[in-house]
Structures are given as structure tokens and as C-alpha cells.
Amino acid sequence: MPDISELVIGDVVAEKNFNLDRDSLVRYAGASGDFNPIHYRDDVAVSVGLPGVLAHGMLTMGLSIDPVVSWLGDSGKILEYGVRFTKPVVVPAKGRAVITVVARIAELDQETKKARIDLQTSFDGNNVLGKSQVWVQL
Amino acid sequence: MVNSNIQGKRYPKSATYLVGREKIREFARATFASEESIDLVAAEAAGHRDLVAPPTFPIVLQEFGLKLVIADPEAGLDFSRVVHGEQKFVFKRPIVAGDLLTSELSVTSVKSLGGNHMVVFDTEIFDESNSLVCTAISTLVVRGEDA
């Protein structure tokens, strides 16, 4: 468990790349129960005007917090986690989409030992989540 | 489109959902969680009764409530025009394998914004003793006909 008294606002506490391919989307569909075909069928995605098959927003949200959970060593320390979905992640039929997550300390409350960590999740040079904030108990 | 009359509407409580240890592992792996986060010995060493569900796991319970809204003729929610705008989870305590949960969805607001509708849902998740475990707050954007 990180020691809050040693943390400084702006510190990068975790950083990680994730490789998404079509298998990842099918696996997430099964685990979550979200079988919307825009997440695995090119013809359906194109027919509703999308640039291609998209990753589930909830998959992007789910993987973005993994570096913070690993840093904490206990997902039971997560008090609150919220995001805004700002841009889609297009996952090609062949190859992969690489998502980069950077987690930074944004707010520290030494008295309650709570910290806010802001996540920057980017794909293809753009941030795909906005206002991505996690409150943790340290 | 969506009917603004559903603002404030509460949908019936879900059936009981038993959180399975292997379901937690399946969901965790699907969201690229580390193997350490689904290690039983580590969870117990951290003081938990069993494995802790990943932070976005409550989405599984939110889905049950959302299905009721989609099936509700009064709501008139055209799901093919829905885009997920925002999502938040607020925990009173972590969800742990073995928990028996129920969820209850209510519509907190319906707003129009430039031809689109924004619908905010709160899903409250309760444990066996009816204590609040987590609230999932979801904003869906329903694209207008010409959007």
C-alpha cells in the first residue's frame, strides 16, 4: 500500500499499454453480457454509421483502472471511479489497437487518507476518456 | 427518442444475483486485470472474505435494470440510437465473491440538448441485509433523428 505522506500532486503512479484485438472484444462481450454487434461485426458497425468495430466503452473504462489497482495492491481501496466517453476506440479485424493509460495524483487529503487519481487514456494520439477520476482510500 | 415522463421513475428491484468467484476472475481477465488482483490468498491477506470484484463489475447489475427500461413502452427508448456518455461507480464497500446482491434502477433526469436527449440512471446495489453497496450512475445520450 502506497504511503500518502510520500505522494505529491502530479506524480505519475502508474503507466501501462494495453493491446486490444477482436478477441479482446469478444471476451469482454461474454464476460459483461454486452453483446451489441457493433463490438464484433464490421457490417453492423458500418450500417449504423460507425468508422468500424468499436471497443466497448466499458472495456476501455475497465482496463484504464487496472494500473491503479496494481499500484494499490487491493481493488477494495477504490471508493469512486467515473469517466466520460469522449472518443471511440476502433479495433481493426487484423492487428490491434494500442491504448495507453497514465495515472497521476490530482488531489490528496492527508487527514482522511483519500486521494484522487486522474487517468489519461489515449488511443491513436487522442484522449478517449474525459474527466476520468478515481478516489482511493490509502 | 425518449419520453421525458420517465424522469423520477423507479423500476422494480432485480432478482438476487450471487457474485461468483470465477465470474469475478472471468470479468477481471476480460478487463486486463493482473493475476494478483484475482489471487485468493492476496485478497484474504488484505482482509477480504473472498475475491474482490473489479471496480467496473457493477455494470453487470446495471445492465439488468437497463433491460427493463429498454423493454418499457412508456420510456420509448430507441436503443439503436443510444451512445454511452458517462459512467460512474460510487462504493460504500467493495463487492466480494459470495455477495447476494439486488439492484434497483431509477431515472434521475431526462434532458434535451441540441436535438439529443440525455438520460441519467442511478442503479443502487444492495446486499443481503439490504445495505447499500454501490451506486452506478450512467448517462446515456439518445441521438436525435437527424443527429
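Worth pointing out:
- Of B:Ile38, B:Ile70, all but one fail to be of a type outside the set (Asp, Glu) and buried (at least 16 other Cβ atoms within 10 Å of the Cβ); the exception is B:Ile38.
- Qualifying position, being surrounded by fewer than 17 Cβ atoms within 10 Å (Cβ to Cβ) and outside any strand (DSSP E or B), among A:Pro88, A:Pro92: A:Pro92
- Filter result (within 9 Å of chain A (Cβ to nearest Cβ) and modelled with pLDDT of 95 or more) within segment B:47-73: B:Gly47, B:His48, B:Val52, B:Ala53, B:Pro54, B:Pro55, B:Thr56, B:Phe57, B:Ile59, B:Val60
- Filter result (surrounded by fewer than 19 Cβ atoms within 10 Å (Cβ to Cβ) and facing another protein chain (nearest Cβ under 9 Å)) within segment A:35-58: A:Asn36, A:Val48
- Exactly one residue among A:Thr121, A:Thr100 is touching a helix residue (DSSP H, G or I) at 6+ places or on another chain (Cβ under 7 Å), hydroxyl-bearing (Ser, Thr, Tyr) and assigned to a strand (DSSP E or B), and that residue is A:Thr121.
- Looking only at segment B:78-96, residues that are within 8 Å of chain A (Cβ to nearest Cβ) and among the acidic types (Asp, Glu) come to 1 in all.
- Taking segment A:53-76 as the range and being more than 14 Å from the chain's Cα centre (by Cα), in contact (Cβ under 8 Å) with a residue 40 or more places away in the chain and either assigned to a helix (DSSP H, G or I) or under 21 Å from A:Gly33 (Cα atoms) (or both) as the test, the residues that pass are A:Val53, A:Trp71, A:Leu72.
- Any hit, segment A:80-91, residues being aromatic (Phe, Trp, Tyr), in contact with a Leu (Cβ under 7 Å, 6 or more places away or on another chain) and touching a residue at least 40 places away in the same chain (Cβ under 8 Å): yes
- Taking the criterion of being assigned to a strand (DSSP E or B) and either surrounded by fewer than 14 Cβ atoms within 10 Å (Cβ to Cβ) or in contact with a helix residue (DSSP H, G or I) (Cβ under 6 Å, 6 or more places away or on another chain) (or both), the residues of segment A:1-34 that qualify are A:Val12, A:Val13, A:Ala14, A:Glu15, A:Lys16, A:Asn17, A:Phe18, A:Asn19.
- Any hit, segment B:107-128, residues being surrounded by fewer than 20 Cβ atoms within 10 Å (Cβ to Cβ), within 28 Å of A:Ser47 (Cβ to Cβ), hydroxyl-bearing (Ser, Thr, Tyr) and within 9 Å of another protein chain (Cβ to nearest Cβ): no
- One residue from A:Val101, A:Val69, A:Val134, A:Val83 being out of contact with any strand residue (DSSP E or B) (no Cβ under 6 Å at 6 or more places or on another chain), surrounded by 23 or more Cβ atoms within 10 Å (Cβ to Cβ) and modelled with pLDDT of 95 or more: A:Val69
The values are calculated or read from the model by the stated rules, or taken from the named source; none is laboratory data. All values reported here derive from a predicted model rather than from experimental measurement. Cβ atoms come from the backbone with ideal geometry, glycine included; neighbour counts cover every protein chain shown.
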